[in-house]
Amino acid sequence: MSAGHTCGMRKLFGMAAGALGGAFLLLCVCVGSLGDGLLHVYYLDIGQGDSILVRTPLSHYVLIDGGPDDKVLQEMAAVMPFYERTIDLVILSHPHADHVDGLIPVLERYNVKAVMLTGISYNYAGYERFLYLIKERGVSVLFVNGKVDYRLGNIVLDIVFPLESLQGAHFENVNNSSISFRLMFGGSIFYFSGDLEVEGEAKILAAGVDLRADVLKAGHHGSRTSNSKALLDLMKPQWAVISCGVDNKFKHPHPETIEHFQERGIEFYRTDLDGRVEFETDGMDLAKVIHF
Ligand SMILES: [Zn+2]
């Protein structure tokens with residue numbers, strides 16, 4: 001046993017052999033606490049923005065975006081045990097304020113083990129603060145590209161977009177740099193795509209990758225500039241969750257998106273109307289959790 005494999009250490013990073021047709025990065029090989037064997041996905045109620053907290057069956061935590069402010073801290077406190085101060089992986093889909101700003105208090109208050117991002121170049125103070133904190137705290141950085149997938153315990157992150165490294169790239173529309181991936185546990189699949197718009201979706205469709213998923217996090221807060229019919233028809237989700245704020249100035253979600261969901265029998269929930277939305281699965285049966 002190497003010095004790194006002590007009982008108190010929960011995370012180790014290392015390369016593992018190829019899977020899913022490409023390189024495969026093993027995120028965790030050592031587990032210090034037992035989970036309930038279920039995958040929990042919480043679409044947090046953080047106003048106009050995105051923030052999704054995932055608790056894996058082995059009790060690892062993944063936070064996808066942080067919403068626009070520190071409301072994310074209350075939401076995390078509501079679903080995590082008070083003693084849990086570690087987030088194993090933070091994923092920044094893209095560096096717009098409604099995704100990155102809430103990650104700043106998270107980095108300040110939690111022990112974040114690793115951050116996954118594209119590393120695009122974008123001039124915004126919140127993004128710069130986020131990058132500064134990562135460096136200052138010595139957080140491991142994973143620059144994503146579609147050629148490498150990740151495993152975290154018994155969870156697979158199947159990276160769908162970007163198809164290649166975007167490190168240092170400039171985007172006229174930063175939404176179209178959004179990391180898109182399928183989070184898979186057994187036969188249950190959740191799809192996340194930040195604010196990727198139809199131009200980005202078209203690249204994914206052209207790549208011909210497997211898009212099947214059970215639960216779709218609606219792209220770009222339910223805007224009609226995302227969630228193309230072609231994408232929905234390939235993905236065939238049973239559920240969709242729209243993350244948006246009450247009476248938001250963008251008027252998200254767009255009625256056309258709702259119509260496209262309804263035409264396909266996709267059951268959808270909205271954080272502005274339903275509050276926090278939770279799913280849980282044992283890898284076979286997937287259910288939306290309803291709290292009474
Ligand atoms: Zn957004």
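The values are calculated or read from the model by the stated rules, or taken from the named source; none is laboratory data. In this text, all values refer to a predicted model and were calculated from it rather than measured experimentally. Heads up, the Cβs are rebuilt from the backbone with ideal geometry, glycines too, and the neighbour counts pull from every protein chain shown. Each accessible area value is taken on the protein alone, full model and side chains, heavy atoms only, with ligands, DNA and RNA left out. Shrake-Rupley method; radii C 1.70, N 1.55, O 1.52, S 1.80 Å.
So if I place +1 on the C-beta of Lys and Arg and -1 on the C-beta of Asp and Glu, and nothing else carries charge, what would the dipole magnitude of the range 184-277 be about its Cα centre? I want it in debye, nearest 20. Can you show the working numbers first?
On the way: 11 positive and 14 negative charges, 18 e Å.
Dipole about the Cα centre, nearest 20: 80 debye.
How big is D for the chain, in µm² s⁻¹ as a whole number, if Stokes-Einstein is applied with the Kirkwood radius of its Cα pairs at 20 °C and 1.002 mPa s? Let's see the in-between values first.
Values: Rh = 19.0 Å.
Estimated via Stokes-Einstein, D reaches 113 µm²/s.
If you average the alpha carbon positions of the range 163-191 and of the range 64-93, how far apart do those two centres end up, in angstrom?
20
Can you pull the one-decimal nm distance between simple spin-label points at TYR124 and LEU205, each 7 Å off the Cα toward Cβ?
If labels sit at TYR124 and LEU205, their model points lie 2.6 nm apart.
Accessible area of the chain with a 1.4 Å probe: how many percent of it is carbon plus sulfur? List each step's numbers first, then the result.
Numbers: 6740 of 12420 Å².
Whole-percent figure for carbon plus sulfur exposure: 54.
Can you list the chymotrypsin sites (Phe, Trp or Tyr not before Pro) in the range 216-263 that are in a DSSP coil and have 14 or fewer other beta carbons within 10 angstrom?
Working: sites: TRP239, PHE250, PHE261; in loops: PHE250.
Passing both the DSSP loop test and the Cβ count: PHE250.
Please work out the Cα center distance from the range 192-220 to the range 109-138, rounded to the nearest Å.
Value for the Cα centre distance between the two parts: 24 Å.
Would you mind pulling out the separation of the Cα centroids of the range 224-256 and the range 140-159, in Å?
25
Between exposed trypsin sites (Lys or Arg not before Pro) in the chain, where DSSP calls loop and at most 14 other Cβ atoms lie within 10 Å, what's the longest gap? Numbers along the way, then the final one.
Numbers: sites that count: ARG85, ARG137, LYS147, ARG212, LYS249, LYS251.
Longest gap between qualifying sites, sites excluded: 1-84.
Pairs of Cα atoms under 8 Å, at least six residues apart: use those to get the relative contact order of the chain, whole percent.
16
Can you give the net charge of the other residues whose Cβ lies under 15 Å from the Cβ of GLY200, counting K and R as +1 and D and E as -1? Each step should come with its number before you reach the end.
On the way: positive: LYS203, LYS217, ARG224; negative: GLU164, GLU172, ASP195, GLU197, GLU199, GLU201.
The answer is -3.
At 20 °C and 1.002 mPa s, grab the translational diffusion coefficient of the range 122-281 from Stokes-Einstein with a Kirkwood Rh over Cα pairs, rounded to a whole number in µm² per second.
The diffusion coefficient I find is 128 µm²/s.
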